[in-house]
Amino acid sequence: MAPLPSISHDSRYVCKLNKALYGLKQASRAWFEKLSIVISSLDFVSNSHDSALFIKCTDACRIILSLYVDDMIITGDDIDGILVLKTKLARRSEMKDLGYLRYFLGIEVAYSLKGYLLSQSKYVADILERARLTENKTVDTPIKVNARYSSSDGLPLIDPTLYRIIVGSLIYLTITRRDIPYAVHVVSQFVVSPTTVHWAAVLCILRYLRGTDFQSLLLSSTSSLDLRAYSDADHGSDPTDRKSVTGFCIFLGDSLISWKSKKQSIVSQSSTEAEYRAMTSTTKEIVWLRWLLADMRVFFSHPTPMYCDN
């Protein structure tokens, strides 16, 4: 084989990529593009508000396909159409049908006539084992009331690796645990240079999880399809930069479907300004959810009420 020409100083040569391989920067984009073409050829439409969501609606039924890399969830009220879809996808590429949804990306799914129950109890057990938390002590709250932490508290950890691993795992746990986002938000601010005080706060969250690992998120099958939102904010709670924290939760009927706890990007000059900024973030989420649900043929004839603490 002749040696390749040197192109370090010759602009006449370019590299042509014939095949996207795992590990390359373009691999994920090429895979999603290929799969999108296949799914779209089956009369599915990529959702304009969530590009990984594909929907096929007719006057009689609908089928929804949610994609995460090479894992997918298919649901809808057209059983025959779902079987045809899986058959056609299997012809295009190798795939495995795992049957009814039981476990997906660390989330356990159970269902009954009352609805779907989402939990991450196994994931919690894995976090506790990874943290080497052998004691059985539990606490009633994930963070101490009115606790304020700064980067100068305590002594720096000799090896912050475990702290970063646990905090990253806790962030993923907030997918179903709506009771810990604020506490996780607090400890995640110190992953660069955590201290013994910050690690104690993480241990408090873990002890709380040990005592509440049975908690799950119920998506009720009997509730109404009405959106309502709750918004709140503190004022200047961070002792370092005096920024406020936004918090909101949004319900679809009796089911909690969206929530957030996040520090505001700028310093609010008053509690009123902090509340308005929190309401703005909540409104953006409401608008996005209404668009997303409309694409699923869930329409609303009246405005979404938003409740705030003033």
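Put simply, the C-alpha atoms of the stretch 1-158 give a gyration tensor, and the ellipsoid matching it has half-axes of 40, 34, 16 Å, longest first.
Electrostatic tally near ASP232: other residues with Cβ closer than 9 Å to its Cβ, Lys and Arg +1, Asp and Glu -1, net -3. How would the stretch 126-205 be classified by its alpha-carbon gyration tensor: rounded, prolate or oblate, with rounded meaning a/c under 1.5 and the a/b versus b/c comparison settling the rest? Judged from the Cα gyration tensor, the stretch 126-205 comes out rounded (a/c under 1.5). Taking Cα centroids, how far is the stretch 51-103 from the stretch 153-168 in Å? Answer, in whole Å: 41. Mean-square fluctuations from a GNM of the chain, with a 10 angstrom spring cutoff on Cα atoms, peak among ARG228, ARG277, ARG132 at ARG132. For the stretch 214-258, the normalised intensity computed at q = 0.14, 0.22, 0.30, 0.33 Å⁻¹ comes to -0.50, -0.75, -1.00, -1.10 (log10 of I(q)/I(0), Debye sum over alpha carbons, equal scatterers, no solvent). Calculated mean residue ellipticity at 222 nm for the chain: -10500 deg cm²/dmol, from DSSP H runs with n ≥ 4 weighted as -39500 (n - 2.57), summed, divided by the residue count and rounded to 500. If you plug the beta carbon distance of SER224 and LEU162 into 1/(1 + (r/R0)^6) with R0 = 30 Å, you get a FRET efficiency near 0.10. Shape verdict for the stretch 162-310, please, from the Cα gyration tensor: rounded (a/c under 1.5), prolate (a/b greater than b/c) or oblate. Oblate, because a/c is 1.5 or more while a/b does not exceed b/c. Model label points for LYS114 and LYS34, set 7 angstrom from Cα along the Cα-to-Cβ axis, are 4.4 nm apart. Arranged from fewest to most other beta-carbon atoms within 10 Å of their beta carbon, ILE82, ILE39 become ILE82, ILE39. Taking other Cβ atoms within 10 Å as a rough exposure proxy, TRP291, TRP259 sort from fewest to most as TRP291, TRP259.
Anyone know which of ILE74, ILE171, ILE37 comes out most mobile in the 10 Å Cα GNM of the chain? Comparing ILE74, ILE171, ILE37 in a Gaussian network model of the chain, the most mobile one is ILE37.
Shown for THR58, THR246, THR134: other C-beta atoms within 10 Å of each C-beta, ranked fewest to most, produce the order THR134, THR58, THR246. When the chain is treated as a Gaussian network with alpha carbon springs shorter than 10 Å, the biggest mean-square fluctuation among ARG297, ARG62, ARG91 belongs to ARG91. When DSSP beta bridges are restricted to pairs lying wholly in the chain, around 95% turn out antiparallel. Once mean projected area of the Cα convex hull in nm² is calculated for the structure shown, the corresponding label among [x] 24.6; [y] 15.0; [z] 26.0 turns out to be [x].
Every read-out reported here was derived from the displayed coordinates using simple, explicitly stated rules and does not represent laboratory data. Keep in mind that this is a model prediction, so the values were computed, not measured. Cβ atoms come from the backbone with ideal geometry, glycine included; neighbour counts cover every protein chain shown.
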